[in-house]
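In what follows, a structure is listed as C-alpha cells, so that the remarks can point back to it.
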Amino acid sequence: MESESKRNKIILKIQLGNRKAFREFFNGYYPVLCSFALKYLHDRPSGEDVAQDVLLKYWENREQYSSLEEVKGFLYAAVRNRCINILKREQVGERYARFVQQNEPEWFEEEVLEHEVLLLLQQAIGTLPKQMKRIIEYSLSGKRNAEIAREMNIAEGTLHKLKKIAYQKLREVLKDRF
Amino acid sequence: MNMYTEDYNKQLISAIAACLAGVAEEEERMLVEQWKNRSGRNRRLWQRLSAGNAWKREVDELDRTAVEEGWQRLERRMTRRYTLWERVRPLAGYAAVMAGLAVGFVLLREFKNAGEALVAVEQKQPEATTGVQLILADGRVIPINELGDVQIQEEDGATIYKDSTYIDYSRNIVQEDTVEIFNEMRMLNGMAYTITLSDGTRVYMNAESRLRFPVKFLGSRRVVEFEGEAYFSVAKNEERPFVIKTGGVEVAVLGTEFNLRAYSNETEIVTTLVSGKVQVSDDQYCCALDPGEQAVYATQTKELSTRVVDVNLYTAWCRAEILFKDTRLEDIMKNLARWYGIEYFFLDETAAELEFGGCFERFDSIDPILDMIRRTELLNVVREGNKIYFSIKK
C-alpha cells in the first residue's frame, strides 16, 4: 500500500508541473506505450510518434489527473484512438483497421493487461543489483546452477545463496509494487 | 478491464508477474489459475507470455527503447510551448473571442515588461445563501439563510423583518425606551448580507464579519461593535453621532458612507471614506478623513496614519466585485479564502509574491478565478476539495 501511494505521489508531483517526476514517469511508460502502439501499427517510428504525442498531451493536461489509474486509463485509450485513426487514414490499412475495430474491445483490454505485467516485471528486475539480475536472467534462460556458477566465476554454494536472495528480492519488489 | 475492480486488476497484474518470474506464492498462483480458466483468451495470453519465457524477451525489448532520445524529443516540444510570447498570444485571442459573448469578467495579469494580457470569461450568478447567523439578546441563534421572508419577535416586543438578502430593524416601533438590548449578526464565510439598523443606517457586511448592535439606539451616541469588513451607509443625525468600536479604534461619524476593514487576524484596521466626514481615534490619537482618504491603524504599533487612495479598490467587494491592482497572490488568496471558504498553500515561496491585478465578478465557485490564474501560465494551480495548491511553473 505504501508504494501505491508512492506511485500516486509521482502523479501528484507531475500534476504540479514537476518535470523531474514526469521524466521518471516517462522512463517507465514511454517504452510500454511504444510497444503498445506497435501492436496496432506494426511500424516502429509511427508507434514512437503516437507515444510521444500522447505523453505530451498528458503533460499539457496534467492538472486534470491526480491518480495513476486515471493517467493509465487516459494513456492507453489515447494510444488506441490515435492508432485506429492512423489506420483509418491509410488506405492500405483499411481492411486491417476494420479488423482491429471489430475485435478491438477485448483485445485492447488484453493488451493493456499484458503491458502492465511487462512494465511491472521490467521495473522489478530493473531494481535488482547487477549480479542478481544476471543470476535471474541466466536461470530464466534455463541454465543449470553449475553452469551459471562457472560463467559467473563463483562457487556453487555462493550462487545458491545469491539466487535465493535474488528471488526473495524480486518477490519483495513485485509484492511491493501494488 | 473495467469489468473488474481496480484492486482486482492490480492484484492480478502483480500475480501474473510473480508467476512469470517464478516467485509467486500460493495465493497468487490461485488467482492466476482462476483468471486463466475464465476464458480462452486469458489462457492464450498466459501461454504467449510464459512459453519459453517470452515475457523476458518482451521486457528486453522494452529496455531497448531509445528512452533518452525519446525524452529529448519530447522535452523540446514541452519547452517550446512555454515561451513568454506564446503565453500572451492565446490569452489575447481568447479575450477577443469572449468579448463577443457578453462578458462580465476581466482579469489583467500585468506582465512586468511585456504589456498586459486581457482575459475574459462569461459571468455566473453569485450565490448568496450560506452562513448568516443572528444572535438575539436571550442567546437564541437564528440561522438567517434557512428562513424565508419572516418577522422575528425580540424580547422587548420589537419586530425584525428579514428576507434573503437583508434584515431590517428600522421598521419596528417599540413603545417603552428603557434599556438597549443587543443583537449580533455573524457572517460565516462565503457570504455578504445587508442589515438595516433601527436608525436607518445600512451595513453591508462582508464574509466572516460580526456586528453587535442595539435593536434600538437609545443613548446620546449610536454605538455598535464591529469586527471584519463592512460598507457603512450611516443615516444622518447630527445630534447623535454613530460610533463603531473595533479592535482598539473608534470610528465616529455623523452621516456618511465609508468602508471599514478590521479583521482580527490582520494587522491593520483600514477606514476608507467615500463621502461625508468621519473621525478615527484610539485612546491617544485622532484624525479626521475627507472623502477619498483612508486611515490606517496598525494594531501592533498602535500607529495611525492617513493617505489618499482610489476608493474603488476598497469598496469593490460590496458591488459583488473582487478588484485587485498589483496585489500579491497571497493577499489575493487571503481575500478569496474568506469569500469562498477555501484554504491555500504555496509550494514555492515565490508563488506567493507574484503580483496580479484584475476585476472579478463574484462567482458561486472559485474555479473560474483559478482558471484565470492558470491561464497566465505562470503557476500550477491544483485544487483538491477546498484546498488549493500553487507552485511556480518551471
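The values are calculated or read from the model by the stated rules, or taken from the named source; none is laboratory data. Bear in mind that the values here come from a model prediction, so they are computed numbers and not experimental data. As a convention, Cβ positions derive from the backbone with ideal geometry for all residues, glycine included, and neighbour counts pool all protein chains shown.
In the condition set (1) at the interface with chain B (Cβ under 10 Å from one of its Cβ atoms); (2) in contact with a helix residue (DSSP H, G or I) (Cβ under 6 Å, 6 or more places away or on another chain), A:D53 is compliant with all but (2). Go through the residues of the stretch B:204-213 one by one and say whether even a single one is outside the structural domain of B:Y340 (by TED's automatic domain parsing), in a loop (DSSP other than H, G, I, E, B) and more than 28 Å from the chain's Cα centre (by Cα). So far as the stretch B:204-213 goes, no, none of its residues is outside the structural domain of B:Y340 (by TED's automatic domain parsing), in a loop (DSSP other than H, G, I, E, B) and more than 28 Å from the chain's Cα centre (by Cα). Every test in (1) more than 10 Å from chain B (Cβ to nearest Cβ); (2) surrounded by fewer than 22 Cβ atoms within 10 Å (Cβ to Cβ) is passed by A:Y40 save one, and that test is (2). Please go through the stretch A:41-67 and give me each residue that is part of a helix (DSSP H, G or I) and touching a Phe, Trp or Tyr at 6+ places or on another chain (Cβ under 9 Å), ordered by number. If the condition is that a residue be part of a helix (DSSP H, G or I) and touching a Phe, Trp or Tyr at 6+ places or on another chain (Cβ under 9 Å), then A:G47, A:E48, A:V50, A:A51, A:Q52, A:V54, A:L55, A:K57, A:Y58, A:W59, A:R62, A:Q64 are the ones that fit. Note on the stretch B:196-248: among residues that are hydrophobic (A, V, I, L, M, F, W, C) and without any contact (Cβ under 8 Å) to a residue 24 or more places away in the chain, the one that is nearest to B:E180 (Cα to Cα) is B:V223. Going by what's in this entry, would B:V32 be described as within 9 Å of another protein chain (Cβ to nearest Cβ), in contact with a helix residue (DSSP H, G or I) (Cβ under 6 Å, 6 or more places away or on another chain) and surrounded by 13 or more Cβ atoms within 10 Å (Cβ to Cβ)? Criteria not met by B:V32. Of the residues making up the stretch A:111-120, those that are in contact (Cβ under 8 Å) with a residue 12 or more places away in the chain and facing chain B (nearest Cβ under 7 Å) are A:V112, A:E116, A:L118, A:L120. Counting only strands (runs of 3 or more DSSP E) that fall entirely inside the stretch B:244-285 and contain at least 1 residues that are surrounded by fewer than 18 Cβ atoms within 10 Å (Cβ to Cβ), the qualifying elements are B:249-253, B:268-275, B:278-281.
Annotation note: Cβ proximity below 8 Å between a residue of the stretch B:35-54 that is more than 11 Å from chain A (Cβ to nearest Cβ) and under 14 Å from B:A15 (Cα atoms) and a residue that is modelled with pLDDT under 90 and surrounded by fewer than 13 Cβ atoms within 10 Å (Cβ to Cβ) (sequence gap 6+ or interchain) occurs for no pair.
Residues that are of a type in the set (V, I, T), touching a Leu at 6+ places or on another chain (Cβ under 7 Å) and closer than 16 Å to A:E114 by Cβ number at least 1 in the following helices (runs of 4 or more DSSP H) confined to the stretch B:13-75: B:54-64. Taking the residues in the stretch B:50-66 that are of a type in the set (S, T, N, Q) and at pLDDT 85 or above as candidates, determine which candidate is farthest from A:L121 (Cα to Cα). My answer is B:T65. Residues in the stretch A:14-37 that are within 16 Å of A:S67 (Cβ to Cβ) and within 7 Å of chain B (Cβ to nearest Cβ): A:Q15, A:L16. Scanning the stretch B:196-235 for residues that are at pLDDT 90 or above and over 30 Å from B:Y340 (Cβ atoms) returns B:R222, B:V223.
Listed here are the residues, each with its yes/no results for (1) among the basic types (K, R); (2) in contact with a Ser or Thr (Cβ under 6 Å, 6 or more places away or on another chain); (3) without any contact (Cβ under 8 Å) to a residue 40 or more places away in the chain.
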| residue | (1), (2), (3) |
| --- | --- |
| B:I332 | no, no, yes |
| B:E343 | no, no, no |
| B:L347 | no, yes, no |
| B:L354 | no, no, yes |
| B:G385 | no, no, yes |
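If you check A:E70, A:E60 for being facing chain B (nearest Cβ under 10 Å) and of a type outside the set (A, V, I, L, M, F, W, C), only one passes: A:E60.
Name, by its number, the condition in (1) farther than 30 Å from A:D49 by Cβ; (2) facing chain A (nearest Cβ under 7 Å) that does not hold for B:E26. The failed condition is (2).
If you go through the stretch B:180-203 and keep only what is closer than 25 Å to B:P241 by Cβ and in a loop (DSSP other than H, G, I, E, B), you end up with B:E180, B:I181, B:L197, B:S198, B:D199, B:G200, B:T201.
Of everything in the stretch B:281-324, what is of a type in the set (F, W, Y) and touching a residue at least 24 places away in the same chain (Cβ under 8 Å)? Give them in sequence order. Matches in the stretch B:281-324: B:Y297, B:Y314, B:W317, B:F324. Scanning the stretch A:146-171 for residues that are surrounded by 12 or more Cβ atoms within 10 Å (Cβ to Cβ) and either assigned to a loop (DSSP other than H, G, I, E, B) or touching a residue at least 40 places away in the same chain (Cβ under 8 Å) (or both), which turns out farthest from the other protein chains (Cβ to nearest Cβ)? Here the answer is A:I154.
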